[in-house]
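To start, the structure itself, in structure tokens.
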Amino acid sequence: MGELTVSDKAGLVSVAANQGLDTMIKPLVKEIHLFDTYVAGTSFLKDKSVLDDIKPGDKLTLRREDNKFDSKAILVLTGDGKKLGYIPEKDNGIFSRLMDAGKMLSAAISEIRERGGDFRQISIGIYLVDF
């Protein structure tokens with residue numbers, strides 16, 4: 001790969017200064033689909049109103065949690081940081097190891113199904129965020 005010329009460097013500096021560095025980096029980010037699962041623990045939410053605010057396509061944040069019941073627990077949060085539930089224990093082993101190794105994972109809602117009463121099954125895709 002060739003080196004940047006002086007004029008190219010000036011252009012990159014200009015973009016970074018005027019539009020922000022994130023504008024330059026976003027096109028370089030890929031999300032690689034790893035797995036499909038569902039959100040566990042939604043029945044135990046203290047604030048169930050969060051379930052009314054979500055829809056298919058919503059991006060979710062995954063965060064490791066220090067949890068006395070599951071040492072591999074991964075918390076699922078909405079885009080605005082509200083607790084939605086957890087990655088099921090049966091599925092979280094590999095993902096917790098990836099996150100502990102510094103890999104960034106994200107998720108997105110693929111489907112929401114009413115399952116009777118107040119229960120909703122929230123299907124999600126898990127993605128490796130790659131740069």
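The values are calculated or read from the model by the stated rules, or taken from the named source; none is laboratory data. All values derive from a computational prediction rather than experimental measurement. Here Cβ is always computed from backbone atoms with ideal geometry, including for glycine, and neighbour counts include all displayed protein chains.
Results, tabulated for the structure shown:
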{"item": "Given (1) at negative phi; (2) under 14 Å from the mean Cα position of the chain (by Cα), index of the condition residue 53 fails", "result": "(2)"}
{"item": "Residues of the range 27-44 classified as surrounded by fewer than 16 Cβ atoms within 10 Å (Cβ to Cβ) and within 15 Å of residue 86 (Cα to Cα), total", "result": "4"}
{"item": "Filter result for residue 34 (within 23 Å of residue 123 (Cβ to Cβ), over 17 Å from the mean Cα position of the chain (by Cα) and at pLDDT 90 or above)", "result": "no"}
{"item": "Residue 61 being at pLDDT 95 or above, surrounded by 13 or more Cβ atoms within 10 Å (Cβ to Cβ) and polar (S, T, N, Q)", "result": "yes"}
{"item": "Filtered residue count, the range 36-66, keeping only those that are closer than 16 Å to residue 114 by Cα, in contact (Cβ under 8 Å) with a residue 24 or more places away in the chain and outside any strand (DSSP E or B)", "result": "11"}
{"item": "The range 43-78: number of residues that are of a type in the set (Asp, Glu) and out of contact with any strand residue (DSSP E or B) (no Cβ under 9 Å at 6 or more places or on another chain)", "result": "3"}
{"item": "Verdict on residue 76 being within 22 Å of residue 93 (Cα to Cα) and modelled with pLDDT of 90 or more", "result": "yes"}
{"item": "Failed criterion for residue 105 (all others in (1) of a type in the set (A, V, I, L, M, F, W, C); (2) surrounded by fewer than 18 Cβ atoms within 10 Å (Cβ to Cβ); (3) closer than 16 Å to residue 77 by Cα hold)", "result": "(2)"}
